[in-house]
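K.L.:
Once you've had a glance at the structure underneath, I'll fire off some questions.
The values are calculated or read from the model by the stated rules, or taken from the named source; none is laboratory data. Note that the structure is a prediction, hence the values are computed from the model and not measured. Cβ placement follows ideal geometry from the backbone for every residue including glycine, while neighbour counts extend to all protein chains displayed. Please note that ligands, DNA and RNA were not included when accessible areas were found on the heavy atoms of the full protein model with its side chains. Shrake-Rupley method; radii C 1.70, N 1.55, O 1.52, S 1.80 Å.
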Amino acid sequence: MTTMHTTTLPTTDDVRARVRDALRAVGSTAELAGPGEYGLPASTPITGEVLFTMAATTPEQADAAIAEAAQAFTTWRTTPAPVRGALVARLGELLVEHKADLATLVTIEAGKITSEALGEVQEMIDICQFAVGLSRQLYGKTIASERPGHRLMETWHPLGVVGVITAFNFPVAVWSWNTAIALVCGDTVVWKPSELTPLTALACQALIERAADDVGAPRGVSRVIQGDREVGELLVDDPRVALVSATGSVRMGQQVGPRVMARFGKVLLELGGNNAAIVTPSADLDLAVRAIVFSAAGTAGQRCTTLRRLIVHSSVADELVSRIVAAYRSLPIGDPSAEGTLVGPLIHETAYREMVGALEQARADGGEVFGGERHDLGDESAFYVAPAVVRMPAQTELVHTETFAPILYVMTYDDLDEAIALNNTVPQGLSSAIFTTDIREAERFMAADGSDCGIANVNIGTSGAEIGGAFGGEKHTGGGRESGSDAWKAYMRRATNTINYSSDLPLAQGVHFG
Ligand code: UN1
(Lines give C-alpha, C1' and ligand atoms only; values in the text may rest on other atoms or scores of the structure.)
Protein backbone atom coordinates (compact mmCIF):
# COMPACT_ATOMS: atom_id res chain seq x y z
CA MET A 1 0.00 0.00 0.00
CA THR A 2 1.48 3.33 -0.96
CA THR A 3 -0.49 6.07 0.73
CA MET A 4 1.58 9.22 0.46
CA HIS A 5 0.78 12.28 2.47
CA THR A 6 3.38 14.95 2.15
CA THR A 7 3.33 16.39 5.63
CA THR A 8 6.69 16.70 7.25
CA LEU A 9 6.80 16.37 10.98
CA PRO A 10 7.15 19.43 13.20
CA THR A 11 10.34 19.71 15.23
CA THR A 12 10.21 18.61 18.86
CA ASP A 13 11.02 22.21 19.89
CA ASP A 14 8.03 23.42 17.93
CA VAL A 15 5.83 20.89 19.73
CA ARG A 16 7.29 22.03 23.09
CA ALA A 17 6.33 25.62 22.30
CA ARG A 18 2.75 24.54 21.50
CA VAL A 19 2.54 22.73 24.84
CA ARG A 20 3.79 25.78 26.76
CA ASP A 21 1.27 28.04 24.99
CA ALA A 22 -1.65 25.68 25.62
CA LEU A 23 -0.78 25.15 29.29
CA ARG A 24 -0.34 28.88 29.82
CA ALA A 25 -3.71 29.53 28.15
CA VAL A 26 -5.59 27.15 30.46
CA GLY A 27 -3.87 28.69 33.48
CA SER A 28 -1.59 25.84 34.50
CA THR A 29 1.36 26.89 36.65
CA ALA A 30 2.92 23.43 36.64
CA GLU A 31 6.70 23.27 36.45
CA LEU A 32 8.04 21.55 33.36
CA ALA A 33 11.70 20.56 33.23
CA GLY A 34 13.89 19.34 30.41
CA PRO A 35 14.42 15.69 29.42
CA GLY A 36 16.31 13.67 32.01
CA GLU A 37 15.65 15.98 34.95
CA TYR A 38 12.70 14.28 36.61
CA GLY A 39 11.29 10.79 36.67
CA LEU A 40 8.07 11.27 34.71
CA PRO A 41 8.63 11.99 31.01
CA ALA A 42 6.00 13.70 28.86
CA SER A 43 6.50 12.51 25.29
CA THR A 44 4.78 13.00 21.98
CA PRO A 45 4.12 10.23 19.48
CA ILE A 46 4.29 12.90 16.74
CA THR A 47 8.10 12.83 16.86
CA GLY A 48 8.47 10.05 19.42
CA GLU A 49 10.58 12.26 21.64
CA VAL A 50 10.48 13.39 25.26
CA LEU A 51 9.16 16.94 25.51
CA PHE A 52 9.51 17.62 29.22
CA THR A 53 9.88 15.80 32.49
CA MET A 54 7.92 16.21 35.67
CA ALA A 55 8.23 14.89 39.18
CA ALA A 56 5.97 11.89 39.74
CA THR A 57 3.62 12.09 42.74
CA THR A 58 5.26 10.56 45.82
CA PRO A 59 3.29 8.13 48.03
CA GLU A 60 3.13 10.88 50.70
CA GLN A 61 1.72 13.36 48.20
CA ALA A 62 -0.80 10.80 46.95
CA ASP A 63 -1.85 10.15 50.53
CA ALA A 64 -2.33 13.89 51.03
CA ALA A 65 -4.38 14.15 47.82
CA ILE A 66 -6.69 11.34 48.95
CA ALA A 67 -6.95 12.96 52.39
CA GLU A 68 -7.90 16.31 50.79
CA ALA A 69 -10.57 14.62 48.66
CA ALA A 70 -11.88 12.74 51.72
CA GLN A 71 -12.00 16.00 53.67
CA ALA A 72 -13.78 17.84 50.83
CA PHE A 73 -16.32 15.01 50.71
CA THR A 74 -17.49 15.82 54.25
CA THR A 75 -18.98 19.12 53.01
CA TRP A 76 -19.55 18.28 49.35
CA ARG A 77 -21.91 15.39 50.12
CA THR A 78 -24.39 17.72 51.83
CA THR A 79 -24.05 20.55 49.32
CA PRO A 80 -27.35 20.52 47.37
CA ALA A 81 -26.95 18.60 44.12
CA PRO A 82 -28.01 21.54 41.88
CA VAL A 83 -25.36 23.67 43.64
CA ARG A 84 -22.83 20.94 42.88
CA GLY A 85 -24.08 21.14 39.31
CA ALA A 86 -22.94 24.78 39.19
CA LEU A 87 -19.32 23.63 39.51
CA VAL A 88 -19.73 21.27 36.57
CA ALA A 89 -21.51 24.00 34.58
CA ARG A 90 -18.51 26.28 35.15
CA LEU A 91 -16.12 23.50 34.10
CA GLY A 92 -18.18 23.10 30.93
CA GLU A 93 -17.88 26.84 30.19
CA LEU A 94 -14.12 26.74 30.65
CA LEU A 95 -13.92 23.74 28.34
CA VAL A 96 -15.83 25.65 25.66
CA GLU A 97 -13.42 28.56 26.08
CA HIS A 98 -10.32 26.33 25.98
CA LYS A 99 -11.51 23.68 23.55
CA ALA A 100 -8.70 24.35 21.08
CA ASP A 101 -5.99 24.51 23.78
CA LEU A 102 -6.98 21.19 25.26
CA ALA A 103 -7.36 19.59 21.82
CA THR A 104 -3.83 20.74 20.95
CA LEU A 105 -2.52 18.88 23.98
CA VAL A 106 -4.58 15.77 23.15
CA THR A 107 -3.10 15.76 19.65
CA ILE A 108 0.41 16.17 21.01
CA GLU A 109 0.19 13.51 23.71
CA ALA A 110 -2.17 10.92 22.23
CA GLY A 111 -1.42 11.59 18.53
CA LYS A 112 -5.08 12.16 17.59
CA ILE A 113 -5.87 14.15 14.47
CA THR A 114 -7.19 17.63 15.21
CA SER A 115 -10.82 16.87 14.39
CA GLU A 116 -10.87 13.84 16.70
CA ALA A 117 -9.07 15.76 19.45
CA LEU A 118 -11.66 18.54 19.22
CA GLY A 119 -14.34 15.83 19.27
CA GLU A 120 -12.89 14.43 22.46
CA VAL A 121 -13.10 17.84 24.14
CA GLN A 122 -16.65 18.21 22.79
CA GLU A 123 -17.43 14.91 24.51
CA MET A 124 -16.28 16.58 27.77
CA ILE A 125 -18.52 19.57 27.16
CA ASP A 126 -21.44 17.25 26.40
CA ILE A 127 -21.00 15.25 29.59
CA CYS A 128 -20.79 18.45 31.64
CA GLN A 129 -24.12 19.57 30.20
CA PHE A 130 -25.63 16.15 30.84
CA ALA A 131 -24.34 16.17 34.43
CA VAL A 132 -25.72 19.65 35.12
CA GLY A 133 -29.19 18.44 34.09
CA LEU A 134 -28.67 15.28 36.11
CA SER A 135 -27.94 17.37 39.20
CA ARG A 136 -31.70 18.06 39.33
CA GLN A 137 -32.72 14.50 38.43
CA LEU A 138 -31.12 12.16 40.97
CA TYR A 139 -34.44 10.43 41.39
CA GLY A 140 -35.32 7.66 43.80
CA LYS A 141 -38.40 5.44 43.59
CA THR A 142 -41.45 5.30 45.81
CA ILE A 143 -42.56 1.69 46.13
CA ALA A 144 -45.96 0.30 47.16
CA SER A 145 -45.72 -1.13 50.68
CA GLU A 146 -47.54 -4.35 51.60
CA ARG A 147 -48.34 -2.87 55.02
CA PRO A 148 -51.08 -0.32 55.72
CA GLY A 149 -49.86 3.10 56.85
CA HIS A 150 -46.39 2.48 55.47
CA ARG A 151 -44.36 4.00 52.70
CA LEU A 152 -41.30 2.49 50.99
CA MET A 153 -38.81 4.61 49.14
CA GLU A 154 -35.28 4.68 47.82
CA THR A 155 -32.84 7.49 48.42
CA TRP A 156 -29.51 7.89 46.69
CA HIS A 157 -26.51 9.21 48.59
CA PRO A 158 -22.95 10.13 47.63
CA LEU A 159 -20.40 7.33 47.90
CA GLY A 160 -17.18 9.07 48.90
CA VAL A 161 -13.89 9.50 47.09
CA VAL A 162 -13.87 8.12 43.54
CA GLY A 163 -10.48 6.99 42.22
CA VAL A 164 -10.38 7.45 38.45
CA ILE A 165 -7.74 5.59 36.44
CA THR A 166 -7.65 6.44 32.74
CA ALA A 167 -5.84 5.28 29.60
CA PHE A 168 -3.77 7.24 27.06
CA ASN A 169 -6.20 6.99 24.16
CA PHE A 170 -8.96 9.15 25.65
CA PRO A 171 -6.75 11.19 27.94
CA VAL A 172 -9.37 13.81 28.85
CA ALA A 173 -12.89 12.59 27.95
CA VAL A 174 -12.88 9.55 30.20
CA TRP A 175 -11.76 11.67 33.17
CA SER A 176 -14.66 14.03 32.48
CA TRP A 177 -17.25 11.23 32.11
CA ASN A 178 -16.33 10.10 35.60
CA THR A 179 -15.65 13.45 37.20
CA ALA A 180 -18.69 15.37 35.94
CA ILE A 181 -21.04 12.61 37.09
CA ALA A 182 -19.20 11.91 40.37
CA LEU A 183 -19.20 15.61 41.30
CA VAL A 184 -22.93 16.12 40.82
CA CYS A 185 -23.53 12.89 42.72
CA GLY A 186 -21.70 14.45 45.68
CA ASP A 187 -18.49 12.44 45.41
CA THR A 188 -14.99 13.83 45.21
CA VAL A 189 -12.37 12.58 42.78
CA VAL A 190 -8.71 11.60 42.74
CA TRP A 191 -7.49 10.98 39.20
CA LYS A 192 -4.55 8.87 38.08
CA PRO A 193 -4.15 9.54 34.35
CA SER A 194 -2.04 7.36 32.05
CA GLU A 195 1.67 8.01 32.53
CA LEU A 196 1.72 8.58 28.75
CA THR A 197 -0.48 11.67 29.02
CA PRO A 198 0.59 13.78 32.00
CA LEU A 199 0.30 17.14 30.19
CA THR A 200 -3.39 16.88 29.32
CA ALA A 201 -3.96 15.93 32.97
CA LEU A 202 -2.22 19.11 34.12
CA ALA A 203 -4.48 21.13 31.84
CA CYS A 204 -7.66 19.44 33.12
CA GLN A 205 -6.53 19.96 36.70
CA ALA A 206 -5.91 23.66 36.05
CA LEU A 207 -9.42 24.01 34.59
CA ILE A 208 -11.23 22.15 37.39
CA GLU A 209 -9.34 24.20 40.00
CA ARG A 210 -10.34 27.42 38.24
CA ALA A 211 -13.95 26.22 38.11
CA ALA A 212 -13.83 25.34 41.83
CA ASP A 213 -12.38 28.76 42.72
CA ASP A 214 -14.98 30.53 40.57
CA VAL A 215 -17.95 28.87 42.29
CA GLY A 216 -16.42 28.69 45.78
CA ALA A 217 -16.07 24.89 45.92
CA PRO A 218 -13.10 23.37 47.76
CA ARG A 219 -10.24 22.42 45.42
CA GLY A 220 -10.16 19.06 47.16
CA VAL A 221 -13.24 18.00 45.17
CA SER A 222 -10.91 16.94 42.37
CA ARG A 223 -7.22 16.08 42.68
CA VAL A 224 -4.74 14.52 40.31
CA ILE A 225 -1.85 12.19 41.09
CA GLN A 226 0.71 11.41 38.41
CA GLY A 227 3.05 8.53 37.82
CA ASP A 228 3.13 4.90 36.82
CA ARG A 229 1.33 1.85 38.02
CA GLU A 230 2.47 2.08 41.64
CA VAL A 231 0.78 5.46 41.97
CA GLY A 232 -2.47 3.95 40.66
CA GLU A 233 -2.15 1.09 43.14
CA LEU A 234 -2.35 3.62 45.97
CA LEU A 235 -5.92 4.38 44.85
CA VAL A 236 -6.72 0.71 44.39
CA ASP A 237 -5.68 -0.23 47.93
CA ASP A 238 -6.79 2.83 49.91
CA PRO A 239 -9.90 2.18 52.02
CA ARG A 240 -10.82 5.89 51.78
CA VAL A 241 -11.44 5.38 48.04
CA ALA A 242 -15.04 4.13 47.84
CA LEU A 243 -15.15 3.47 44.10
CA VAL A 244 -12.33 2.78 41.66
CA SER A 245 -13.36 3.51 38.08
CA ALA A 246 -10.64 2.11 35.85
CA THR A 247 -10.26 2.20 32.08
CA GLY A 248 -7.53 0.17 30.39
CA SER A 249 -6.48 -3.32 29.44
CA VAL A 250 -8.18 -6.54 30.49
CA ARG A 251 -4.97 -7.47 32.33
CA MET A 252 -5.10 -4.25 34.34
CA GLY A 253 -8.76 -4.88 35.18
CA GLN A 254 -8.03 -8.43 36.27
CA GLN A 255 -5.61 -7.03 38.83
CA VAL A 256 -7.56 -3.96 39.92
CA GLY A 257 -10.99 -5.62 40.25
CA PRO A 258 -10.18 -8.35 42.81
CA ARG A 259 -7.92 -6.01 44.83
CA VAL A 260 -10.63 -3.41 45.25
CA MET A 261 -13.29 -6.04 45.93
CA ALA A 262 -11.07 -7.73 48.54
CA ARG A 263 -11.47 -4.59 50.65
CA PHE A 264 -15.17 -4.38 49.67
CA GLY A 265 -14.63 -1.23 47.64
CA LYS A 266 -16.72 -0.76 44.50
CA VAL A 267 -15.27 -1.03 41.00
CA LEU A 268 -16.36 0.19 37.62
CA LEU A 269 -14.30 -1.40 34.85
CA GLU A 270 -14.11 -0.34 31.23
CA LEU A 271 -11.60 -2.69 29.66
CA GLY A 272 -10.68 -4.03 26.24
CA GLY A 273 -12.91 -4.44 23.24
CA ASN A 274 -12.68 -6.69 20.19
CA ASN A 275 -15.49 -5.17 18.25
CA ALA A 276 -17.08 -6.69 15.17
CA ALA A 277 -19.40 -5.53 12.43
CA ILE A 278 -21.58 -7.88 10.43
CA VAL A 279 -22.22 -6.88 6.82
CA THR A 280 -25.25 -8.60 5.33
CA PRO A 281 -26.17 -8.96 1.64
CA SER A 282 -28.81 -6.21 1.97
CA ALA A 283 -26.35 -3.66 3.41
CA ASP A 284 -25.93 -0.21 1.86
CA LEU A 285 -22.29 -0.75 0.96
CA ASP A 286 -21.47 2.94 0.35
CA LEU A 287 -22.56 3.74 3.87
CA ALA A 288 -20.92 0.60 5.29
CA VAL A 289 -17.54 1.38 3.73
CA ARG A 290 -17.49 4.90 5.21
CA ALA A 291 -18.50 3.66 8.64
CA ILE A 292 -16.03 0.78 8.57
CA VAL A 293 -13.08 2.93 7.52
CA PHE A 294 -13.72 5.47 10.29
CA SER A 295 -14.25 2.78 12.93
CA ALA A 296 -11.27 0.66 11.92
CA ALA A 297 -8.64 3.20 10.84
CA GLY A 298 -9.73 6.28 12.81
CA THR A 299 -7.59 7.14 15.86
CA ALA A 300 -5.05 4.81 14.20
CA GLY A 301 -7.02 1.88 15.58
CA GLN A 302 -6.43 2.97 19.18
CA ARG A 303 -9.94 3.23 20.58
CA CYS A 304 -11.42 0.60 22.83
CA THR A 305 -14.37 0.82 20.41
CA THR A 306 -12.21 0.41 17.28
CA LEU A 307 -13.63 -2.00 14.71
CA ARG A 308 -11.28 -4.99 14.71
CA ARG A 309 -13.37 -7.74 13.05
CA LEU A 310 -15.52 -7.67 9.96
CA ILE A 311 -17.93 -10.58 9.46
CA VAL A 312 -19.12 -10.30 5.87
CA HIS A 313 -21.63 -12.35 3.94
CA SER A 314 -19.66 -14.32 1.36
CA SER A 315 -21.74 -12.84 -1.49
CA VAL A 316 -20.46 -9.30 -0.81
CA ALA A 317 -17.05 -10.00 0.72
CA ASP A 318 -14.85 -9.51 -2.36
CA GLU A 319 -16.47 -6.24 -3.33
CA LEU A 320 -16.44 -4.89 0.22
CA VAL A 321 -12.81 -5.78 0.86
CA SER A 322 -11.64 -4.23 -2.38
CA ARG A 323 -13.54 -1.02 -1.59
CA ILE A 324 -12.08 -0.85 1.92
CA VAL A 325 -8.56 -1.47 0.59
CA ALA A 326 -9.05 1.29 -1.99
CA ALA A 327 -10.31 3.68 0.68
CA TYR A 328 -7.35 2.79 2.93
CA ARG A 329 -4.97 3.62 0.06
CA SER A 330 -6.30 7.16 -0.03
CA LEU A 331 -6.01 7.80 3.71
CA PRO A 332 -3.52 10.58 4.43
CA ILE A 333 -1.11 9.34 7.12
CA GLY A 334 1.17 11.70 8.99
CA ASP A 335 1.43 14.61 11.41
CA PRO A 336 -1.91 14.54 13.26
CA SER A 337 -1.83 18.32 13.73
CA ALA A 338 -1.55 18.92 9.97
CA GLU A 339 -4.68 19.73 8.03
CA GLY A 340 -5.99 16.83 6.00
CA THR A 341 -4.29 14.04 7.95
CA LEU A 342 -6.67 11.22 8.81
CA VAL A 343 -4.31 8.71 10.40
CA GLY A 344 -1.79 9.83 13.01
CA PRO A 345 0.94 7.86 14.77
CA LEU A 346 0.81 4.83 17.03
CA ILE A 347 1.42 5.77 20.64
CA HIS A 348 4.87 4.13 20.91
CA GLU A 349 7.27 1.51 19.62
CA THR A 350 5.73 -1.29 21.70
CA ALA A 351 2.38 -0.69 19.97
CA TYR A 352 4.15 -0.89 16.62
CA ARG A 353 5.96 -4.13 17.58
CA GLU A 354 2.66 -5.65 18.68
CA MET A 355 1.10 -4.72 15.34
CA VAL A 356 4.02 -6.28 13.42
CA GLY A 357 3.77 -9.42 15.56
CA ALA A 358 0.03 -9.73 14.98
CA LEU A 359 0.42 -9.34 11.22
CA GLU A 360 3.16 -12.01 11.20
CA GLN A 361 0.89 -14.36 13.10
CA ALA A 362 -1.99 -13.55 10.73
CA ARG A 363 0.15 -14.56 7.76
CA ALA A 364 1.16 -17.75 9.56
CA ASP A 365 -2.55 -18.47 10.11
CA GLY A 366 -3.13 -18.20 6.37
CA GLY A 367 -4.32 -14.58 6.34
CA GLU A 368 -3.88 -12.28 3.34
CA VAL A 369 -2.59 -8.89 4.51
CA PHE A 370 -3.20 -5.57 2.75
CA GLY A 371 -1.30 -2.55 4.12
CA GLY A 372 0.23 -2.46 7.58
CA GLU A 373 3.64 -1.15 6.56
CA ARG A 374 5.50 1.55 8.44
CA HIS A 375 5.78 5.02 6.94
CA ASP A 376 9.14 6.63 7.35
CA LEU A 377 8.51 10.30 8.00
CA GLY A 378 12.11 11.02 8.91
CA ASP A 379 11.89 10.46 12.65
CA GLU A 380 13.01 7.02 13.75
CA SER A 381 11.30 7.14 17.11
CA ALA A 382 7.87 7.98 15.68
CA PHE A 383 5.66 5.12 14.44
CA TYR A 384 3.36 5.89 11.54
CA VAL A 385 1.71 2.86 9.93
CA ALA A 386 -0.72 2.19 7.15
CA PRO A 387 -3.89 0.61 8.56
CA ALA A 388 -4.12 -3.07 7.65
CA VAL A 389 -6.93 -5.24 6.33
CA VAL A 390 -6.43 -8.98 6.74
CA ARG A 391 -8.59 -11.61 5.06
CA MET A 392 -8.60 -14.55 7.43
CA PRO A 393 -9.58 -18.11 6.50
CA ALA A 394 -11.22 -18.40 9.92
CA GLN A 395 -11.58 -16.54 13.22
CA THR A 396 -8.35 -17.91 14.70
CA GLU A 397 -6.98 -17.51 18.23
CA LEU A 398 -5.18 -14.34 17.05
CA VAL A 399 -8.49 -12.71 16.14
CA HIS A 400 -9.73 -13.34 19.67
CA THR A 401 -6.98 -11.07 21.01
CA GLU A 402 -7.19 -7.29 21.08
CA THR A 403 -4.14 -5.73 19.42
CA PHE A 404 -4.28 -1.98 20.02
CA ALA A 405 -3.41 -1.02 16.44
CA PRO A 406 -5.25 -0.52 13.12
CA ILE A 407 -5.76 -4.13 12.02
CA LEU A 408 -9.11 -5.19 10.61
CA TYR A 409 -9.59 -8.96 10.32
CA VAL A 410 -12.16 -10.03 7.74
CA MET A 411 -14.06 -13.31 7.99
CA THR A 412 -16.98 -14.50 5.86
CA TYR A 413 -20.29 -16.12 6.79
CA ASP A 414 -23.26 -17.65 5.00
CA ASP A 415 -25.92 -17.74 7.67
CA LEU A 416 -26.82 -14.96 10.16
CA ASP A 417 -26.72 -17.32 13.16
CA GLU A 418 -23.14 -18.16 12.24
CA ALA A 419 -22.30 -14.43 11.97
CA ILE A 420 -23.82 -13.68 15.39
CA ALA A 421 -21.94 -16.63 16.88
CA LEU A 422 -18.67 -15.24 15.45
CA ASN A 423 -19.53 -11.81 16.86
CA ASN A 424 -20.03 -13.33 20.32
CA THR A 425 -17.24 -15.92 20.35
CA VAL A 426 -14.53 -13.64 21.70
CA PRO A 427 -13.82 -12.97 25.37
CA GLN A 428 -14.52 -9.23 25.10
CA GLY A 429 -17.99 -7.67 24.81
CA LEU A 430 -17.80 -3.93 24.27
CA SER A 431 -19.19 -2.82 20.91
CA SER A 432 -20.73 -4.35 17.79
CA ALA A 433 -22.64 -3.36 14.68
CA ILE A 434 -24.69 -4.78 11.85
CA PHE A 435 -25.05 -3.27 8.40
CA THR A 436 -28.37 -4.31 6.94
CA THR A 437 -31.54 -2.87 5.42
CA ASP A 438 -33.54 -5.90 6.53
CA ILE A 439 -35.49 -5.13 9.71
CA ARG A 440 -35.57 -8.79 10.71
CA GLU A 441 -31.79 -9.00 10.68
CA ALA A 442 -31.45 -5.71 12.56
CA GLU A 443 -33.89 -6.72 15.28
CA ARG A 444 -32.40 -10.21 15.57
CA PHE A 445 -28.96 -8.63 16.11
CA MET A 446 -30.29 -6.55 19.01
CA ALA A 447 -32.42 -9.34 20.55
CA ALA A 448 -31.59 -11.51 23.57
CA ASP A 449 -29.95 -14.10 21.31
CA GLY A 450 -28.20 -11.45 19.24
CA SER A 451 -25.04 -9.49 20.00
CA ASP A 452 -23.80 -10.03 23.56
CA CYS A 453 -22.05 -6.63 23.69
CA GLY A 454 -22.79 -3.52 25.73
CA ILE A 455 -23.18 -1.59 22.49
CA ALA A 456 -25.05 -3.08 19.50
CA ASN A 457 -25.49 -0.63 16.61
CA VAL A 458 -27.38 -0.77 13.33
CA ASN A 459 -25.92 0.91 10.25
CA ILE A 460 -23.27 2.85 12.12
CA GLY A 461 -19.79 1.77 13.14
CA THR A 462 -18.66 0.43 16.48
CA SER A 463 -16.90 3.61 17.66
CA GLY A 464 -17.92 7.19 18.31
CA ALA A 465 -20.69 6.64 20.85
CA GLU A 466 -22.60 9.66 22.15
CA ILE A 467 -22.38 10.44 25.87
CA GLY A 468 -26.17 10.17 26.40
CA GLY A 469 -26.15 6.38 26.45
CA ALA A 470 -24.51 4.21 29.08
CA PHE A 471 -21.04 3.28 27.84
CA GLY A 472 -19.34 -0.03 28.57
CA GLY A 473 -19.46 -3.73 27.85
CA GLU A 474 -19.80 -7.28 29.06
CA LYS A 475 -17.50 -10.25 29.69
CA HIS A 476 -13.80 -9.30 29.71
CA THR A 477 -14.76 -5.68 29.02
CA GLY A 478 -15.58 -5.59 32.73
CA GLY A 479 -19.33 -4.94 32.94
CA GLY A 480 -19.10 -1.28 34.01
CA ARG A 481 -21.22 1.51 32.56
CA GLU A 482 -20.07 5.12 32.40
CA SER A 483 -21.34 8.47 31.14
CA GLY A 484 -25.06 8.75 30.25
CA SER A 485 -28.40 7.06 30.96
CA ASP A 486 -28.48 5.82 34.58
CA ALA A 487 -24.73 5.15 34.81
CA TRP A 488 -24.76 7.72 37.67
CA LYS A 489 -26.12 5.00 39.96
CA ALA A 490 -22.64 3.44 40.13
CA TYR A 491 -21.40 6.66 41.76
CA MET A 492 -23.97 6.64 44.56
CA ARG A 493 -25.18 4.33 47.28
CA ARG A 494 -28.83 3.41 47.62
CA ALA A 495 -30.78 3.36 50.86
CA THR A 496 -34.19 1.72 51.10
CA ASN A 497 -36.38 3.57 53.59
CA THR A 498 -39.56 2.12 55.13
CA ILE A 499 -41.63 4.74 56.91
CA ASN A 500 -44.45 3.77 59.25
CA TYR A 501 -46.95 6.61 59.60
CA SER A 502 -49.55 4.49 61.40
CA SER A 503 -49.79 3.73 65.11
CA ASP A 504 -49.65 -0.04 64.56
CA LEU A 505 -46.63 -2.20 63.97
CA PRO A 506 -47.61 -4.79 61.35
CA LEU A 507 -44.68 -7.03 60.42
CA ALA A 508 -43.87 -7.87 56.83
CA GLN A 509 -44.69 -11.30 55.43
CA GLY A 510 -47.59 -11.55 57.93
CA VAL A 511 -45.28 -12.48 60.82
CA HIS A 512 -46.80 -12.27 64.33
CA PHE A 513 -44.42 -11.77 67.21
CA GLY A 514 -45.81 -11.68 70.72
C1 UN1 B 1 -12.34 4.54 24.67
O2 UN1 B 1 -11.76 4.23 23.64
O3 UN1 B 1 -11.86 4.22 25.81
O4 UN1 B 1 -17.32 5.55 21.55
C5 UN1 B 1 -13.57 5.38 24.75
C6 UN1 B 1 -16.22 6.07 21.36
C7 UN1 B 1 -15.82 7.21 22.25
C8 UN1 B 1 -15.25 6.72 23.54
C9 UN1 B 1 -14.18 5.69 23.41
N10 UN1 B 1 -16.97 8.02 22.50
O11 UN1 B 1 -15.45 5.70 20.48
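K.L.:
Return the carbon/sulfur percentage of the accessible area of region 1-142, one whole number, probe 1.4 Å, all protein chains in place. Don't jump to the answer; show the numbers that get you there.
P.N.:
Working: 3430 of 6500 Å².
About 53 percent, which is the carbon plus sulfur part of the accessible surface.
K.L.:
Let me ask something else about it. Relative contact order (percent) for region 421-467, with alpha-carbon contacts under 8 angstrom and 6 or more residues of separation?
P.N.:
Taking the mean separation of contacting Cα pairs over the length of region 421-467, I get 46 percent.
K.L.:
How big is the antiparallel share of DSSP beta bridges in region 364-416, given as a percent to the nearest 5?
P.N.:
The answer is about 60 percent antiparallel.
K.L.:
Using modelled backbone amide H atoms (1.01 Å from N, in-plane), which distant-in-sequence or interchain residues come within less than 5 Å of GLY163's amide H?
P.N.:
So GLY163 has HN proximity to VAL190, ALA242, LEU243, VAL244, SER245.
K.L.:
Let me ask something else about it. Over the chain, what is the relative contact order in percent, taking alpha-carbon pairs closer than 8 angstrom and at least six residues apart?
P.N.:
19 percent
K.L.:
Now, a different point. Carbon-plus-sulfur fraction of the accessible area of region 429-487, 1.4 Å probe, in percent?
P.N.:
Within region 429-487, the accessible surface is 50 percent carbon and sulfur.
K.L.:
Two decimals is fine: what is log10 I(q)/I(0) at q = 0.13, 0.18, 0.19, 0.20 Å⁻¹ for region 332-491, from a Debye sum with one equal scatterer on every Cα and no solvent?
P.N.:
Result of the Debye calculation: -0.78, -1.23, -1.28, -1.31.
K.L.:
Can you run the Rg to Rh ratio on region 224-311? Use alpha carbon positions and the Kirkwood inverse-distance Rh. All intermediate terms of the calculation are to be shown ahead of the outcome.
P.N.:
Details: Rg = 18.2 Å, Rh = 15.5 Å.
On the Cα set of region 224-311, Rg over Rh gives 1.18.
K.L.:
Something else: Using the Karplus curve 6.51 cos²θ - 1.76 cosθ + 1.60 with θ = phi - 60°, work out ³J(HN,Hα) for each residue of region 262-273 in order, rounded to whole Hz, and write x for Gly and Pro.
P.N.:
4, 9, 6, x, 9, 10, 10, 10, 10, 10, x, x
K.L.:
Using a 1.4 Å probe on the protein chains only, how many percent of the accessible area of region 202-284 belongs to carbon and sulfur?
P.N.:
Here it works out to 55 percent.
K.L.:
Okay, next question. For region 269-345, build the charge dipole from Cβ charges (+1 Lys, Arg; -1 Asp, Glu) around the Cα centre, then report which of ALA296, ALA283, ALA338 sits farthest towards its positive end.
P.N.:
ALA296
K.L.:
Additional query: Taking 8 Å as the Cα distance limit and 6 or more residues as the minimum spacing, I'd like the relative contact order of region 283-406 as a percentage.
P.N.:
That works out to 27 percent.
K.L.:
Report the label-to-label distance for VAL325 and ARG263 in nanometres (one decimal), using points 7 Å from each Cα along the Cα→Cβ vector.
P.N.:
5.4 nm
K.L.:
What three numbers, in Å, describe the spread of the alpha carbons of region 91-163 along their principal axes, ordered from the longest?
P.N.:
The Cα atoms of region 91-163 stretch 64, 23, 17 Å along the principal axes, largest first.
K.L.:
I need the shape label for the chain. Rule: rounded when a/c is under 1.5, else prolate if a/b > b/c, else oblate, with a, b, c from the alpha carbon gyration tensor.
P.N.:
On the way: a/c = 2.12, a/b = 1.24, b/c = 1.71.
Since a/c reaches 1.5 but b/c is at least a/b, the shape of the chain is classed as oblate.
K.L.:
So which of LYS266/LYS475; LYS141/LYS475; LYS192/LYS266 end up more than 21 Å apart, counting from Cα to Cα?
P.N.:
Violating the 21 Å Cα-Cα cut-off are LYS141/LYS475.
K.L.:
Next question, about the same structure. Would you work out which of ALA217, LEU199, PRO239 lies farthest towards the positive end of the dipole of region 148-291, given +1 charges on the beta-carbon of Lys and Arg and -1 on that of Asp and Glu, about the Cα centre?
P.N.:
Comparing the listed Cα positions along the dipole, PRO239 ranks first.
K.L.:
Between ALA448 and HIS512, with labels modelled 7 Å along Cα→Cβ, what's the label distance in nm to one decimal, could you check?
P.N.:
It works out to 4.2 nm between the two label points.
K.L.:
On to the next question. Would you mind working out the accessible area per residue for the chain, using a 1.4 Å probe, and quoting it in Å²? Walk me through the intermediate numbers first.
P.N.:
Details: 20700 Å² over 514 residues.
Per-residue accessible area for the chain comes out at 40 Å².
K.L.:
Projecting each Cα onto the charge dipole of the chain (Lys/Arg +1, Asp/Glu -1 at the beta carbon, about the Cα centre), which of LEU152, SER451, LEU430 comes out farthest on the positive side?
P.N.:
LEU152
K.L.:
Above 20 angstrom, tally the Cα pairs of region 1-136 and express them as a % of all pairs, no decimals.
P.N.:
Of all Cα-Cα distances in region 1-136, 62 percent exceed 20 Å.
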